[in-house]
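Taken together, the values in this text are just the output of simple stated rules run on the coordinates, not laboratory data. On a predicted model such as this, the values are computed, not experimentally measured, just so you know. Cβ atoms come from the backbone with ideal geometry, glycine included; neighbour counts cover every protein chain shown.
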Amino acid sequence: MRIALGCDHRGLKLKQTVVEVLEGSGYEYRDFGCYSEKPVDYPDIATQVALEVAAGNFEQGILICATGIGMSIAANKIKGIRAALCCNVFSAEMARRHNDANVLCLGAEITEPGLACEIVKKYLATSFDGGRHLRRVEKIHHLEEKSA
């Protein structure tokens with residue numbers, strides 16, 4: 001599985017922890033920034049990651065900012081993206097199983113690093129259930145077409 005990874009300056013520290021999880025689990029990833037604590041605009045990073053995932057260059061994305069809210073809002077503006085802000089392991093599992101989420105968003109200032117690692121592991125290890133949930137995801141796709 002290829003993962004597109006990105007953060008703003010407030011998510012940098014947690015992103016470094018997530019990189020350790022990805023490397024330790026053998027995932028292939030590309031880091032789209034940021035790379036320092038110099039302030040950046042989170043929509044720029046979210047757009048890069050979301051476009052790469054939507055284009056099929058990566059199977060999943062992970063975005064991190066202070067709360068995860070801004071990243072999830074920005075990523076969800078890209079057609080084909082189902083970004084989920086997850087603050088616990090259960091929501092990470094359900095985001096994949098029921099919503100076929102393709103971008104995980106984390107809040108560096110609201111999620112302890114240990115918990116964030118468990119969220120990432122569960123999210124990446126979980127598959128979409130399909131079935132009745134596929135119909136619902138297809139309805140989300142139709143919403144994108146209506147708003148275009």
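Annotations for the structure displayed:
- Phi-derived couplings, Karplus 6.51 cos²θ - 1.76 cosθ + 1.60 at θ = phi - 60°, listed residue by residue for region 75-88: 4, 5, 7, 8, 4, x, 9, 10, 8, 10, 7, 10, 10, 8 Hz, with x used for Gly and Pro.
- Couplings for region 32-40, taken from phi via the Karplus curve 6.51 cos²θ - 1.76 cosθ + 1.60 with θ = phi - 60°, read 8, x, 7, 10, 8, 8, 5, x, 10 Hz in order; Gly and Pro are left as x.
- Candidates ALA95, ALA125, ALA74, ranked by Gaussian network fluctuation over the chain, Cα under 10 Å, top entry: ALA125
- Rh (Kirkwood; distinct C-alpha pairs) - region 101-144, Å: 12.5
- Mean separation of Cα pairs under 8 Å and 6 or more residues apart, divided by the residue count, gives the chain a relative contact order of 24 percent.
- What the phi angles of region 106-115 give under the Karplus curve with 6.51, -1.76 and 1.60, with θ = phi - 60°, is a coupling list of 10, x, 5, 9, 10, 10, 4, x, x, 5 Hz, glycine and proline written as x.
- Under 5 Å from the amide H of PHE32 lie the amide H atoms of LEU5, GLY6, each residue being 5 or more positions distant or on a separate chain, with H modelled from the backbone and absent for Pro and chain starts.
- Helix-only arithmetic for the chain: the sum of -39500 (n - 2.57) across DSSP H runs with n ≥ 4, divided by the residue total, places the mean residue ellipticity at 222 nm at -15000 deg cm²/dmol.
- Net charge of neighbours whose Cβ lies under 10 Å from the Cβ of LEU124, counting Lys and Arg as +1 and Asp and Glu as -1: +2
- Considering only CYS34, ILE78, THR17, the residue lying farthest towards the positive end of the dipole of the chain is ILE78, judged by Cα position with unit charges set on Cβ.
- Loop GluC sites (Glu not before Pro), region 45-126 (other Cβ atoms within 10 Å of the site Cβ: 15 or fewer; DSSP): GLU59, GLU109
- Comparing ASP129, ASP44, ASP100 in a Gaussian network model of the chain (Cα springs below 10 Å), the most mobile by mean-square fluctuation is ASP129.
- Charge tally around GLU20: other residues with Cβ under 14 Å, Lys/Arg +1 each, Asp/Glu -1 each, net 0.
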